[in-house]
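The values are calculated or read from the model by the stated rules, or taken from the named source; none is laboratory data. Please read all numbers here as calculations on a predicted model, not as lab measurements. Cβ sites come from the backbone with ideal geometry, for glycine too, and all protein chains shown count toward neighbours. Note: areas computed on protein heavy atoms with side chains; ligands, DNA, RNA excluded. Shrake-Rupley method; radii C 1.70, N 1.55, O 1.52, S 1.80 Å.
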Amino acid sequence: MRFVNSYETKIKKLVQEKSLTYSIDTMGCQMNENDSSKYMGILESMGFRKTTSDKANLILFNTCCVRENAENTLFGRLGFLKKRKLNEENVYIVVVGCMTQQRHILEKIKESYKFVDIVLGTGSMSLFPEKLYNVLFSNKKEIEYIEAGNEIEEDIPIIYEDKYKASVSIIYGCNNFCSYCIVPYVRGRERSRRPEDILKDIEKLAKNGYKEIMLLGQNVNSYGNDFKDRYTFPDLLKDIEKIDGIEIIRFMSPHPKDFKDDLIEVIRNSKKIARQIHLPLQSGSTKILKEMNRKYTKEEYLTLAKKLKAADPEISLSTDIIVGFPGESEKDFEDTLDVVSQIKFDQIYMFIYSKREGTKAAKMEDFITNSQKVERLERLKRLYENELPLLNKKMIGRCYKVLVEGKSKNNDEFYTGRTSQNKVVIFKADEKRIGKIVNVKIDSEHLWYLKGTIEE
Ligand code: 5AD
Ligand code: SF4
């Protein structure tokens, strides 16, 4: 489906007359960040100007429901806006994203947050202009439940805040139904964008000076499974490799069960694919992995990780781990610690299991107390933080290519960028280097970042 905004002219006129501004509050993952860039594109094409002030006229919340705490955050922030909405003119509140696909959330908004103007689900961005038009011109509320969109919406305008790196969605939805995960219920079934559309977007980005591309999908290596012409994720990577100007290709997330040898081969032969692979482990226990419906064992995961490192020893691995899944025994958790100490991940995103109504795991008996879960998370964190300096130290004295992203936020004297392994490095440079790829020799490690010097 091609995005056409037939309300653009009418809305733009009103927005410009009133000088309306907007702000976007994004929760959750990179897919949501990417969707927010599209909402920015749509809003700016209709004349809205972005503001960081809390006085924005249109406040858009792009929500996440992967873990429970996000709900409290949303309702806290909405509650905070109530006074403004009731006392001021030209204030519009929009809630979009994953949480809106859950009926109980919609009921709660209708019941207790009646001042919200628009609720819009995932994959339904094309409906946004019409809904906004109704709100702006007829004061109508637009908060009906809409099924998660199962089509691909192409040609939505998009605005990136970064100038040199951009994310590009390649596949939407998920068919995996990991037993803990709400995503397949709120993002619909897998659907891959046609390669022509993806390549056209990336070529345009390259022409505009972008150097780094992050390919996004809930499960990127399912890409193309829904095509008749057998064009696969490795095929896509090979085609992106040919685009002049793009120097770094990243992707997330692949599913270990679908990580086949042809993909490893493409990574090994590529000069552009980053030497960092995000490989979500979730648990190191074969028993728990089965309960999670992950479709691989501890041993299969270890074999895959070793294959990747063997393909190129420069490859670093990052992962997601959930602790405290229902039925996780001490022995199961020790299996997770065992995988972590064998693989030595450069980055671990750690989560305490959060029960999501509607998922299979929500029906499983959960005997683990909250303090046990917190204690496991702490143990995992300790192990990781003990290992990280050793990995970092191996980089000292070596040179790495780094895309200079800008000034370091914490240290005025320094600029910042990341190595191919996704390690943050700070170094002395000047404005002219921003957006360029430089060689940096690593001098010291500081747990979450490295310090280096540019080598000419
Ligand atoms: N509880 C805790 N973590 C979860 N994730 C997904 N669902 C849940 C849940 N119910 C984590 C997984 C996934 C990451 C994006 O979020 O680790 O890879
Ligand atoms: Fe959720 Fe599993 Fe799909 Fe990832 S692969 S989005 S964890 S169901």
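Glu147 meets each of the listed conditions (1) open to solvent by less than 60 Å² (accessible area, probe 1.4 Å); (2) under 28 Å from Val220 (Cα atoms) apart from (1).
Restricting Ser270, Ser283 to residues that are polar (S, T, N, Q) and within 16 Å of ligand 2 (Cβ to nearest atom) narrows the list to Ser283. With respect to Glu357, determine if the residue is in contact (Cβ under 8 Å) with a residue 60 or more places away in the chain, within 13 Å of ligand 1 (Cβ to nearest atom) and either open to solvent by less than 50 Å² (accessible area, probe 1.4 Å) or within 28 Å of Tyr185 (Cβ to Cβ) (or both). Spelling it out, Glu357 is indeed in contact (Cβ under 8 Å) with a residue 60 or more places away in the chain, within 13 Å of ligand 1 (Cβ to nearest atom) and either open to solvent by less than 50 Å² (accessible area, probe 1.4 Å) or within 28 Å of Tyr185 (Cβ to Cβ) (or both). Checking each residue in segment 290-349 for being under 24 Å from Met395 (Cα atoms), in contact with a His (Cβ under 9 Å, 6 or more places away or on another chain) and of a type in the set (D, E, K, R) picks out only Asp320. Taking the numbered list (1) open to solvent by 30 Å² or more (accessible area, probe 1.4 Å); (2) away from ligand 2 (no atom under 16 Å from the Cβ); (3) part of a helix (DSSP H, G or I) in turn, Tyr185 passes all entries but (2). Among the residues of segment 290-311, those identified as open to solvent by 30 Å² or more (accessible area, probe 1.4 Å) and charged (D, E, K, R) are Lys290, Glu291, Lys295, Glu299, Glu300, Lys306, Lys307, Lys309. Listed by position, the strands (runs of 3 or more DSSP E) inside segment 1-103 whose residues that are in contact with an Asp or Glu (Cβ under 7 Å, 6 or more places away or on another chain) number at least 2 are 58-63, 92-97.
Of all the residues in segment 278-295, those that are touching a residue at least 24 places away in the same chain (Cβ under 8 Å), of a type outside the set (Gly, Ala, Ser) and within 14 Å of ligand 1 (Cβ to nearest atom) number 10.
In segment 312-331, the qualifying residues are those that are surrounded by 20 or more Cβ atoms within 10 Å (Cβ to Cβ) and part of a strand (DSSP E or B), and the one that is nearest to ligand 2 (Cβ to nearest atom) is Ile322.
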